[in-house]
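Rule-based calculations on the coordinates, nothing more; no lab input. The model shown is predicted, which means the values in this text are computed figures rather than measured ones. Every residue, glycine among them, receives a Cβ derived from its backbone with ideal geometry; neighbour counts consider all protein chains shown.
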Amino acid sequence: MSINKSLLVSTILAAGVVALPATGHAQETDGNESATTTGGLAEIVVTAQRREESLQKAALAITAVDSESLARAAITDTAGLVRVAPALQISTIGGSATQFYLRGVGNFTTNSNSDAAVSVAVNGVTIARSSAVQGMFYDLQRVEVLKGPQGTLYGRNATGGQINVITRKPDLGETGGYLNGEFGNFGAVKVEGAVNLAMGDDGALRISGIKSEHDGYLSDGTNDEDMYAFRVQMAAEPTENFSINVMGDYAHVGGVGPGVTIQGIDRDDRIGSLDPVAQPYLHALAFPAGSFLGERTGFEPYQDNDYFGFAVEATLTTSIGDITVIPAYRRAEVDFLTCTTQCFLTELDDDQYSFETRLTSNSGGPLDYIFGVFYLSEQSHERANYNQDFNAFFADFSNDTDSYAAFGRVTYHLSDAARLTAAGRYTVDKKNAEIFAYNARVVCNDLSGPPFCIGTPTLSPVQFDPLPIFFDGNGDLIPAQPYGNNATLLVGTAYNEPDETFKKFTYRLGFEYDVAPQSMIYGSFETGFKAGGFYNSVDDPVFQPETIDAWTLGSKNRFLNNRLQLNLELFWWEYKDQQISQFAFNSQGGVEFGTFNIGGTRIRGAELELVGKVTPTTTLTGLVQYLDTERRNFVYETPALVGPPPTGCPFEPSDAVFVVDCSGFPAINAPKWSISAGLEQEFDLSDNARLVFNADGRYRSSAYVGNEQLPFQLEKSSFMADLQLKLSFYEPEVYIAGFVNNVTDEITSTYTPFHPLSTSVVFESLSPPRTYGVRVGYNF
């Protein structure tokens, strides 16, 4: 859907509103939020800078989303955060693979070889694998989205930003809980609840859980949900100087999993690529018709993923500050078969151990400080098999990572109004791997006959033992160009044991100045770093680190007796040695999924945020982000083995390779305009009943969703809206709500891959359709 940007912006500004739904205010006051006594905007407390502070006093770009807003947007995983955080672009692309982009900084991570550029932490525990952030979005207090590199307090893999997921903690000395249910179209059923049990006056046990499911959004049953999870926490404050919280969680993600449709088929029909209806269309696009791609109807995709976690957070208050210790362990067992550009099977076992300790000042003197150390150890073993029809690629690889860091941050109060900040972090990432890659490809070596192969070789499972041949029985390998009479099986193998150490010092310099009691200006320069690593290849598998430099100038303000909030941020980022993960041809003509350092990107823009308490019962919210990105020195090579490279960028032949130059193009997943607006209207029906109406809308301008910059990868602009009407009672505490998400059933593509040998065969990962239903809840 295309709309006039200028008209939309003018309309929102004329209404006196520009901010993200629930980004500057809280829908309900809880232990971390306190509303003002003047009927103004609530104050939200965040911990983005490793200490509690008001959101309006945090000198950085941050979006904080409360639990009510998360529930209203029907968010059960990280992919749903795009509905409440406009700077984010997230999509799930197969099995457990999730790609995060924040203002154009991100990476396409599908396996344990590549790291995300946006880091995620749950209750202060860094999650090494973006695929492991599943089953976390229930019984939450808030989610914080930190925009820009967080190279000092968070460190590794936070070149684009940081997502902090904060769950509800046990309420000490209290007994209570809640039970919520949601029922909607597509067979959607979600049940979430928690029980808080007092253990004396200074302790509590909290048990929470969720079960969420819905049918597939595509006709082949893909894009469904079948997930359940639970969390157990036990907290205590045995003395006034010591607190401890012991946490354990488990999540299972099953069902069919993500899927794709084929570009060219009407999006409104939502025909999955595995649907028999799609097969004739798929073959008609391929060359030669009917013999390039195998049938997809024999595949039965699934996901059977389990995630476990255990952590302890203990804090001791001393005369020199608060000492916080967080040891943690996480495990992921991932098993899925999915079909996008090709069908592939993945089995992954991942173990993560981490330890962080911090000393945080608490004296209230002129010097605030945080010092800490961090250690993470990750061991993963993954087997991945790809059926590319013309090619079979097998990989068996193990990765070991040991990451060490020491960090510190000091803020000096020059006066009651002025502050200077300096911070630094030294990181050492040691990585080693054992990689076995096997590439089998069929070609026809006699061009004198008809355009088909005779006696196409069959892959034998014995050749690949102990790797499972998941597509055995679904047909032989289909030959690629050139076509002729006789088929030949070409096999390439590689075994690598890379071992690399990556080191980097990152830092931050900043200032803050209180212009008035509720007005602040701030500025900072911060650097970020993401280590290099390895990928599965018959060629050189090593890629190098990427870095980012970020300048920020901002202002945060409250006016009109705390009824109007106005925040402004200007930013300029320089993204260097950018890591790009994508499918590419190797030197043998086979297709591999690799990670490459390709040039960099200049990112600059502005973000304007407003929240207005128009009346005691009316709140208007919204946000406008302008983003200008340009790729620089974005040049890469691809083997000249299978014709011209699939790209919308200029290219030139050079010896045995094509040199592709995408310099000057915008970054992917970086819309120029991102706009959100919202309305919350309360109606007091009686002393015991309240009615609340919410309307939220979001607009994104067109943006590329693929690194090749092909015309079909330019996704059109879109506008989506959500509505909810909620009736609440105070005695007993119950509610019932009706909702519609994506009211106009707007459909967008979040990822647009194509078949490696034909850019005419394009697949699309689509956004969720219109959903509607009812929500009910009871607090006790």
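Using Cβ counts within 10 Å as a stand-in for footprinting exposure, how do ASP577, ASP249 rank, fewest first?
ASP577, ASP249
Among ALA689, ALA677, SER702, which residue has its Cα positioned farthest towards the positive end of the charge dipole of segment 654-780, with +1 placed on the Cβ of Lys and Arg, -1 on the Cβ of Asp and Glu, and the dipole taken about the Cα centre?
My answer, from the dipole projection, is SER702.
Could you check the spin-label model distance between SER654 and SER686? Points 7 Å from the Cα along Cα→Cβ, value in nm.
Placing both labels 7 Å beyond Cα along the Cβ direction yields 7.8 nm.
Could you tell me the center-to-center distance, by alpha carbons, between segment 127-159 and segment 41-72 in angstrom?
Here the two parts' Cα centres lie 14 Å apart.
How far apart, in nanometres, would the label points at GLU240 and LEU197 be if each is projected 7 angstrom from Cα along the Cα-to-Cβ direction?
Going by the 7 Å Cα→Cβ label model, 3.1 nm.
Go ahead and run the numbers for FRET between VAL277 and ALA695, Cβ-Cβ distance against an R0 of 22 Å, rounding to 0.05.
0.05
Mind ordering 199-206, 624-631, 610-617, 237-244 by average Cβ neighbours within 10 Å, highest first?
Most protected by this proxy first, the peptides run 624-631, 610-617, 199-206, 237-244.
Calculate, in nm to one decimal, what ASP268 and THR615 gain on full extension: separation in residues at 0.36 nm each, minus their alpha carbon distance.
120.9 nm
Fewest to most neighbouring Cβ within 10 Å: what's the order for PHE529, PHE308?
Ascending number of Cβ neighbours within 10 Å: PHE308, PHE529.
By how many nm would the segment from TYR404 to VAL232 lengthen if fully extended, with 0.36 nm per residue of separation less the alpha-carbon distance?
Length gained between TYR404 and VAL232: 59.0 nm.
How much length, in nm to one decimal, is gained on full extension between ALA314 and ASP351, taken as 0.36 nm per residue of separation minus their Cα-Cα distance?
Roughly 11.1 nm would be gained on extension.
Checking the a/c ratio against 1.5 first, then a/b against b/c, what shape does the Cα gyration tensor give for segment 615-761?
prolate
Round to a whole angstrom and tell me the spacing of the C-alpha centers of segment 307-344 and segment 624-700.
About 29 Å separates the Cα centre of segment 307-344 from the one of segment 624-700.
Give the order of LYS147, LYS169 when sorted by the count of other beta carbons within 10 angstrom, beginning with the fewest.
LYS169, LYS147
Pairs to check: LYS57/LYS672; LYS169/LYS726; LYS504/LYS672; LYS57/LYS147; LYS503/LYS576; LYS431/LYS530. Give those whose C-alpha atoms are more than 22 Å from each other in this structure.
LYS57/LYS672; LYS169/LYS726; LYS504/LYS672
Quick one: net charge around VAL165, please, counting Lys, Arg +1 and Asp, Glu -1 for every other residue with C-beta under 10 Å from its C-beta.
Here the count lands on 0.
For the pair ASN633/ILE736, report the inter-label distance in nm, with labels modelled 7 Å from Cα in the Cβ direction.
6.4 nm
Can you give me the relative contact order of segment 123-273 as a percent, contacts being Cα pairs under 8 Å and 6 or more apart?
18 percent
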